[in-house]
1. Test GLU128 against the criterion of being surrounded by fewer than 22 Cβ atoms within 10 Å (Cβ to Cβ), in contact with a Phe, Trp or Tyr (Cβ under 8 Å, 6 or more places away or on another chain) and of a type in the set (D, E, K, R), and give yes or no.
2. Sort out which residues of segment 74-115 are surrounded by fewer than 17 Cβ atoms within 10 Å (Cβ to Cβ), closer than 11 Å to PHE48 by Cβ and touching a Lys or Arg at 6+ places or on another chain (Cβ under 8 Å), and write them in order of number.
3. When you look at LYS190, is it out of contact with any Ser or Thr (no Cβ under 8 Å at 6 or more places or on another chain), touching a residue at least 60 places away in the same chain (Cβ under 8 Å), among the charged types (D, E, K, R) and surrounded by fewer than 16 Cβ atoms within 10 Å (Cβ to Cβ), yes or no?
4. Looking at segment 101-122 only, could you name the residues that are acidic (Asp, Glu) and more than 10 Å from MET133 (Cβ to Cβ)?
5. Got a sec? Which strands (runs of 3 or more DSSP E) wholly within segment 126-193 have at least 2 residues that are at pLDDT below 95?
6. Can you name every residue in segment 114-125 that is out of contact with any Leu (no Cβ under 9 Å at 6 or more places or on another chain) and either assigned to a loop (DSSP other than H, G, I, E, B) or of a type in the set (D, E, K, R) (or both)?
Amino acid sequence: MFLENTAGSSSEQGWIEVITGSMFSGKTEELIRRLRRARFAKQKLEIFKPRIEVRYSLEEVVSHDENAIHSTPVDSSANILLLASGVEVVGIDEAQFFDDGLIDVCNQLANSGVRVIVAGLDMDYKGEPFGPMPGLMSIAEYVTKVHAICLRCGNLANYTHRMSEDDKLIVLGETDIYEALCRVCYAKGKAGR
């Protein structure tokens, strides 16, 4: 299915931007910043997040610094296509929690002239590619990798270390469960589990 751009002419070019990194690296903060700039430019936008993401708010995308922007929680990536008609910019937070159909959804939106801005973890707590993120990074025109600061040594951190023994892939939590670590400290942390 090809989504027709109802926001402007069919000659408008869309694209995909991916913001990725570990937890506590500022992904959502950067997503909110870009979306606010689009809103300031009076562009029609819609923001989505997975319905399971309820750590701070049911209907807002909220950064760890407590900046927030209204969003629409959805159960699957297919819902995004149904709800994004007539917009110029689509923002998607916590993309790693969506199904792999998100890759096709983002392609369809970009092909129809929509600017798509996606934020999500690139790796899970085991250091493995997370959900649709690798596929999104491969098709995106722009990829921004942001880093946290390692809580153990102060170097740049790009790994999310889970401090609990829970081995489920998705465990929502904050600094009580996760910490951002550099490569060396992450390897030591994994060895200590």
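1. no
2. The one that is surrounded by fewer than 17 Cβ atoms within 10 Å (Cβ to Cβ), closer than 11 Å to PHE48 by Cβ and touching a Lys or Arg at 6+ places or on another chain (Cβ under 8 Å): ASP75.
3. yes
4. If the condition is that a residue be acidic (Asp, Glu) and more than 10 Å from MET133 (Cβ to Cβ), then ASP104 is the only one that fits.
5. 159-162, 178-181
6. Matches in segment 114-125: ASP122 only.
The rows are residues; the columns are (1) in contact with a strand residue (DSSP E or B) (Cβ under 8 Å, 6 or more places away or on another chain); (2) acidic (Asp, Glu); (3) surrounded by 15 or more Cβ atoms within 10 Å (Cβ to Cβ).
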{"position": "ILE117", "(1), (2), (3)": "yes, no, yes"}
{"position": "LEU121", "(1), (2), (3)": "yes, no, yes"}
{"position": "ASP124", "(1), (2), (3)": "yes, yes, yes"}
{"position": "TYR142", "(1), (2), (3)": "yes, no, no"}
{"position": "CYS153", "(1), (2), (3)": "no, no, no"}
{"position": "GLU165", "(1), (2), (3)": "no, yes, no"}
{"position": "TYR186", "(1), (2), (3)": "yes, no, yes"}
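Quick grid of which residues meet (1) among the aromatic types (Phe, Trp, Tyr); (2) modelled with pLDDT under 95; (3) assigned to a strand (DSSP E or B):
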position: THR6; (1), (2), (3): no, yes, no
position: THR20; (1), (2), (3): no, no, yes
position: GLU46; (1), (2), (3): no, yes, yes
position: LYS49; (1), (2), (3): no, yes, yes
position: VAL54; (1), (2), (3): no, yes, no
position: LEU58; (1), (2), (3): no, yes, no
position: LEU82; (1), (2), (3): no, yes, no
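The values are calculated or read from the model by the stated rules, or taken from the named source; none is laboratory data. Computed from a prediction, not measured in an experiment: that's the story for all the values here. No Cβ is skipped: glycine too gets one built from the backbone with ideal geometry, and neighbour counts run over all protein chains shown.
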